[in-house]
Amino acid sequence: MTSASIAAIPVITVDGPSGVGKGTVTRGLATRLGWHRLDSGALYRILALAAIDAGIALSDTDAVAALAGGLDIRFTGDHEDNEAIWVNGRDVRATVRSESTGGLASQIAAAPAVRAALLQRQKDFRVAPGLIGDGRDMGTVVFPDAPLKLFLTASAEERARRRLRQLRAAGQDAILADLCIEISTRDERDRTRTVAPLVPASDAILIDTTLLNPTQVAERIDDLIKDRGFL
Ligand code: C5P
């Protein structure tokens with residue numbers, strides 16, 4: 001495909017900090033529009049786990065980045081209940097989604113070499129009829145030409161509560177206060193790193209979801225995508 005025909009494929013970017021509900025929002029959007037979805041955080045998580053499996057120190061970011069090309073990664077399913085994440089033929093979803101893996105991902109995600117190694121892989125998800133990009137730098141770095149960019153926020157306490165519900169639904173447990181600290185630490189690292197820090201794109205629409213339930217968030221976003229003629 002030519003770069004012009006790739007650029008014609010619409011992308012909606014949904015960025016924001018951990019636990020803000022991007023997963024729910026982006027899965028819903030992908031279903032309603034019939035578009036593909038990129039879970040970019042999963043790529044950082046998978047790479048961190050692959051490095052540990054290979055005995056590579058996460059601080060050796062060039063070696064971690066070098067692993068990226070050799071990973072065969074596939075996502076299947078379209079709902080939280082039937083999703084699987086396949087890495088070299090193994091379903092690793094449970095380990096990938098754990099809170100501790102999120103922390104490991106954010107350590108390697110601060111390294112320019114790692115981000116560069118994953119960039120093209122993320123762009124390759126831009127396939128017709130359209131893509132919903134879920135992450136931290138979808139609107140700023142990976143798809144800067146996206147016609148609609150959303151940036152979701154919510155207080156750290158509310159995000160910790162949401163994460164706890166999500167972990168419990170997946171059969172895992174955690175302590176709310178610990179989650180709140182982990183989330184705040186990860187946010188701080190993501191926000192203050194020098195490459196692709198967690199900041200809204202200048203043309204992103206900010207949505208504070210602290211006091212909204214998932215249906216209200218979806219309604220607000222549907223209004224925006226209708227305005228743009230996507231729905
Ligand atoms: O979104 P998720 O919690 O799966 O992301 C895990 C970590 O991966 C984040 O805390 C962040 O450090 C990193 N990440 C990133 N850029 C993205 C997606 C995730 O740096 N686009």
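Numbers for the structure displayed
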| quantity | calculated |
| --- | --- |
| Of ARG115, ARG189, ARG74, the one that fluctuates the most in a GNM where the chain has Cα springs shorter than 10 Å | ARG74 |
| At q = 0.08, 0.10, 0.11, 0.17 Å⁻¹, base-10 log of I(q)/I(0) for the range 9-221 (Debye sum, equal scatterers on each alpha carbon) | -0.25, -0.39, -0.48, -1.31 |
| Carbon + sulfur, % of accessible area of the range 1-117 - ligands and nucleic acids excluded, 1.4 Å | 55 percent |
| C-alpha center-to-center spacing [the range 38-73, the range 139-164] in angstrom | 23 Å |
| Inter-site label distance for ALA63 and ASP91 at 7 Å from Cα along Cβ, in nm | 3.2 nm |
| Pairwise Cα inverse-distance average, inverted: Kirkwood Rh of the range 1-105 (Å) | 15.3 Å |
| Note, ³J(HN,Hα) from phi for the range 146-161, Karplus 6.51, -1.76, 1.60, rounded to Hz, x at Gly and Pro | 4, x, 9, 10, 10, 10, 9, 10, 6, 4, 4, 5, 5, 5, 5, 4 |
| Mean accessible surface per residue for the chain, computed with a 1.4 Å probe while every protein chain stays in place, in Å² | 47 Å² |
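The values are calculated or read from the model by the stated rules, or taken from the named source; none is laboratory data. A quick note: this is a predicted structure, and the numbers were derived from the prediction, not measured. As a convention, Cβ positions derive from the backbone with ideal geometry for all residues, glycine included, and neighbour counts pool all protein chains shown. The area values use the complete protein model at the heavy-atom level, side chains included, leaving out ligands, DNA and RNA. Shrake-Rupley method; radii C 1.70, N 1.55, O 1.52, S 1.80 Å.
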